[in-house]
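Let me begin by presenting the structure, written as structure tokens, before commenting on it.
No value in this document is a laboratory result; all are computed from the given coordinates. Computed from a prediction, not measured in an experiment: that's the story for all the values here. FYI the Cβ positions are ideal-geometry reconstructions off the backbone, even for glycines, and counts take in every protein chain you see.
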Amino acid sequence: MQTNTRVGILTRPPFVIIGLFVLALSQSVEQLGRALIGRNDLWSDAANVWLPLAEHVASGNALYVGAAVDNKPPFWQYLNLAVFETGHYVAVFYLLVGLANALAAWLLYRWVSGFARRETAAVAALLFVAALPLLNGTIINVRSFALVFLLMAVQIRRASVQGALIAVAGLFSQYAVFGIPALLWYRHTIGRLNARQFVAFCGAGLLTVVVSFLPLLWWGVPSVVGGVEWSFFAAESHLLENDVLNPWLAPMDWAAKLAQVAEQMLYLLIPAALYTVRVMTGRVQERSAIDIVLVGFVALYALSFGVKSLRYYWLLLLPFLAALAALEVEAIYRQVAG
């Protein structure tokens, strides 16, 4: 994709970093401002689960025991407690979400620029940030933080570090581990996966998970047991709880919500789908390996819709959809430019 000098300058890393951080933080500032003037309340999870849980623990109750329970894994709970201790729960959390979104956008730009033009990477990052408000990515949520470590993992060469990073992502949002097959395939396609590396990947990931539960010993063994149960064995109750967005209990409502969000994201889904068709029909040769990896990540994270069709369930798909859409924009530009 050939561009003029002005566009080329604006897509250089320093300008992209500044732009992405300004955009992402402005989204958080807008959310915080609306909360402060009473135009919107905290999202239900934060208001009804995470803030009360932090209050219970601060009052002397053990985490993952009694009233201080939640199905989110330890790293999210530690962050939630740390933010509560600042005394400015809402403001600090919105700031952290904005920083996480900005960092995720920058990591996406950095990754895509490794296999595509810098301008294409900038388009991918911009599409990512632009879709965040639509997908509730600017509210207090676990996936914004999981994405940071996921996008770090895809760029790390060392298998053990990569395994640890995807584990950290999963310790914010369990759904992050759905992408492990695509991550391992990516290592395979770039010639960095053998038996030794696979063992290092898995071993580092498991060790990270084990270490994440050790701080729970501060509250005693029941806290550790509760943490394991709520983090890994609450799936059945979560899947079968009475929710109109559950595909197994209310399939029509679930499908309607999924279609509603998809309709609002057509500007991103259409080019991403067109590029996926290019990949599946073999009309893309230069980057076939990374193309398949991107499609694989989207397909794997789409499995989470089998639980619910909530807006923020799209967030783990978003960077990969944005990358596919940006690659389609580049492909169209190449065709038009000849």
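Rounded to the nearest 20 debye, the dipole magnitude of the chain is 1360 debye, with +1 charges on Lys and Arg beta carbons, -1 on Asp and Glu beta carbons, and the Cα centre as origin. Quick check: from the Cα gyration tensor, does the range 70-190 come out rounded (a/c under 1.5), prolate or oblate? Oblate, because a/c is 1.5 or more while a/b does not exceed b/c.
Count Lys and Arg as plus one, Asp and Glu as minus one, and take only other residues whose Cβ is under 14 Å from that of ASN141; the net charge is then +2.
Compared with the dominant Cα axis of the chain, that is its longest principal axis, helix 288-301 is turned about 30°.
Sorted fewest first by neighbouring Cβ atoms within 10 angstrom, TYR109, TYR267, TYR175 come out as TYR267, TYR175, TYR109. For the chain, the longest principal axis of the Cα atoms and the long axis of helix 195-213 meet at an angle of about 40 degrees. Each residue of the range 272-280 was assigned a 3J(HN,Hα) from its phi angle through the Karplus curve 6.51 cos²θ - 1.76 cosθ + 1.60 (θ = phi - 60°); the sequence is 5, 5, 4, 5, 4, 4, 4, 5, 5 Hz, with glycine and proline shown as x. Taking Lys and Arg as +1 and Asp and Glu as -1, the other residues whose beta-carbon sits under 13 Å from that of ALA104 total +2. Taking the fewest neighbouring Cβ atoms within 10 Å as the starting point, the ordered list for MET252, MET280, MET152 is MET252, MET280, MET152. Placing unit charges on each Cβ (+1 for Lys and Arg, -1 for Asp and Glu) gives the chain a dipole about its Cα centre, and among LEU249, LEU165, TRP106 the Cα reaching farthest toward its positive end belongs to TRP106. Placing unit charges on the Cβ atoms of the charged side chains and taking the dipole of the range 5-337 about its Cα centre, the candidate lying farthest along the positive direction among VAL225, LEU147, PHE15 is PHE15.
Rounded to the nearest 500, the 222 nm mean residue ellipticity of the chain from helices alone is -21000 deg cm²/dmol, with -39,500 (n - 2.57) taken per DSSP H run of at least 4 residues.
The range 248-314 and the range 96-134 have Cα centres separated by 18 Å. What angle do you read, to the nearest 10 degrees and between 0 and 90, between the alpha-carbon axis of helix 159-170 and the longest principal axis of the chain? Long axis of 159-170 versus the principal axis of the chain: about 60 degrees.
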